Amino acid sequence: MTPLGLLEALKSYCEECTRDLVMVSRVAKNGTQKAERPPRVFIGELPDKESARKEAPYILLKLLTTKDDEEESTAVVRIIFVTYSQDRQENYIQCLNTLTRVKTKLLEDVVIGNCFSCRKPVEGIIYEDDLEVYQIGEIMTTWEMPQVKRNINQHTGERQEDGIWDW
């Protein structure tokens, strides 16, 4: 169960949590109707530079750090929410609603992908930046992941029942 496995499970989870949200999206240049759809979810990066504007609304999952020690394996994941609307208040509400829905669901369910556990605290923020028709928010999450089993016997000798190494 790798960090990529966590991100893939989180992508499916976010898609499921938001599949019924109807959010304003950008209209194609030749389009005349107001476009609406749930947010798309991406892992790591957007497909290209233009996607930052044309893909809104979207959720971007970014792995920040991983840590493995004797007691646990953890990963810190930043979940970024980007929404679009000409109406600034509607835009703020869309972003806050999407962020709150995912955050609340994570706190309720605790475990996703049958092996990744979300720890408290889960911190959220809606940015005050003036991005005209875009609103950005994020939540920071820390995940417990299954530990990698170390195979020390293979290279260093046999371990006895009492925990003392037999060289």
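For the reader, a short list of remarks on this structure follows.
- Descending semi-axes in Å of the range 69-158, equivalent ellipsoid built from Cα gyration tensor: 39, 13, 9
- Between helix 3-18 and the chain: long-axis angle, C-alpha atoms, 0 to 90°, nearest 10: 40
- Between 0 and 90 degrees, the angle of helix 88-109 with respect to the longest Cα principal axis of the chain falls at about 30 degrees.
- Under 15 Å, Cβ to Cβ, from ILE139 - net charge with Lys/Arg +1 and Asp/Glu -1: +4
- Accessible-area value, ILE93, 1.4 Å probe, nucleic acids and ligands omitted, Å²: 90
- The residues neighbouring ARG101, those whose beta-carbon lies less than 13 Å from its own, together hold a net charge of -2 under the Lys/Arg +1, Asp/Glu -1 convention.
- Over the chain: helical MRE at 222 nm, DSSP H runs n ≥ 4 each giving -39500 (n - 2.57), nearest 500: -8500 deg cm²/dmol
- The range 8-154, Cα convex hull volume normalised per residue, Å³: 130
- At a probe radius of 1.4 angstrom, the accessible area of the chain per residue rounds to 64 square angstrom.
- A protection proxy built from the mean count of other Cβ atoms within 10 Å ranks the segments 42-54, 68-80, most packed first, as 68-80, 42-54.
- Solvent-accessible area of the chain (1.4 angstrom probe, protein heavy atoms only): carbon and sulfur portion equals 48 percent.
The values are calculated or read from the model by the stated rules, or taken from the named source; none is laboratory data. It should be emphasised that the depicted structure is a prediction, and the values quoted were computed from it without experimental measurement. Positions of Cβ are backbone-derived with ideal geometry, glycine not excepted, and every protein chain shown enters the neighbour counts. Note: accessible area is taken over every heavy atom of the protein model, side chains too, but ligands, DNA and RNA are not part of it. Shrake-Rupley method; radii C 1.70, N 1.55, O 1.52, S 1.80 Å.
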